[in-house]
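**Q** Supplied in structure tokens, the structure appears directly below.
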Amino acid sequence: MDRGGPLRALDPHAARLRPLQRRRAVPGASVATDEEVLDWVARDAETALHPSCTARMGTGDDAVLDPATMRVRGLDGLRVVDASAMPYVTNGNIYAPVVMLSEKAADLIRGNTPLAPIHQQFYRHEREHTAGAPPDGGDARMRLGRLFAGT
């Protein structure tokens with residue numbers, strides 16, 4: 001079994017680190033065949049993603065939650081206050097935005113007067129894109145596709 005697999009080409013420095021590797025830590029020496037590796041992955045794999053945006057709030061037709069109340073449209077007595085309510089994936093870890101969302105929702109639910117907004121400048125990376133190409137990251141997806149295809 002080729003332990004490097006297709007990912008070996010993505011890390012040109014892996015060969016230099018190999019002499020420092022004493023033993024394979026994960027999944028362990030007892031996992032040797034392709035079938036054993038697949039069984040181990042099915043048993044132990046977990047996502048490192050931060051699931052979000054599945055019940056997005058907003059005012060459009062595709063929004064699930066009313067942003068003024070955090071209530072699920074079309075259902076009585078149900079509010080959603082977690083990362084699924086976010087309309088867009090955040091640029092970083094979702095912990096702080098979820099705390100902010102929760103505190104805001106608590107104020108909405110209690111009927112507290114919201115704080116006045118603070119207009120603060122923040123960094124926002126503007127994507128460069130080729131004329132005629134979609135500004136939504138299509139260029140990046142094409143570059144990643146070429147990277148993984150080896151072209």
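**Q** Tell me whether region 109-122 contains one or more residues that are in contact (Cβ under 8 Å) with a residue 12 or more places away in the chain and either open to solvent by 90 Å² or more (accessible area, probe 1.4 Å) or on the phi < 0 side of the Ramachandran plot (or both).
**A** yes
**Q** So, in region 66-108, of the ones that are open to solvent by less than 90 Å² (accessible area, probe 1.4 Å) and more than 19 Å from Ala55 (Cβ to Cβ), which residue ends up farthest from the chain's Cα centre (by Cα)?
**A** Out of the qualifying residues, it is Asp107.
**Q** Let me ask something else. Could you run through region 16-50 and say how many residues are open to solvent by less than 100 Å² (accessible area, probe 1.4 Å), within 30 Å of Ala83 (Cα to Cα) and either at pLDDT below 85 or not β-branched (Val, Ile, Thr) (or both)?
**A** Adding up the residues that qualify gives 7.
**Q** Which residues, counting only those in region 54-65, are part of a loop (DSSP other than H, G, I, E, B) and surrounded by 15 or more Cβ atoms within 10 Å (Cβ to Cβ)?
**A** If the condition is that a residue be part of a loop (DSSP other than H, G, I, E, B) and surrounded by 15 or more Cβ atoms within 10 Å (Cβ to Cβ), then Ala55, Arg56, Ala63, Val64 are the ones that fit.
The values are calculated or read from the model by the stated rules, or taken from the named source; none is laboratory data. A quick note: this is a predicted structure, and the numbers were derived from the prediction, not measured. Because the Cβ atoms are built from the backbone with ideal geometry, glycine has one as well, and the counts that use them run over all protein chains shown. For the accessible areas, the whole protein counts, side chains as well, though only heavy atoms, and no ligand, DNA or RNA atoms are used. Shrake-Rupley method; radii C 1.70, N 1.55, O 1.52, S 1.80 Å.
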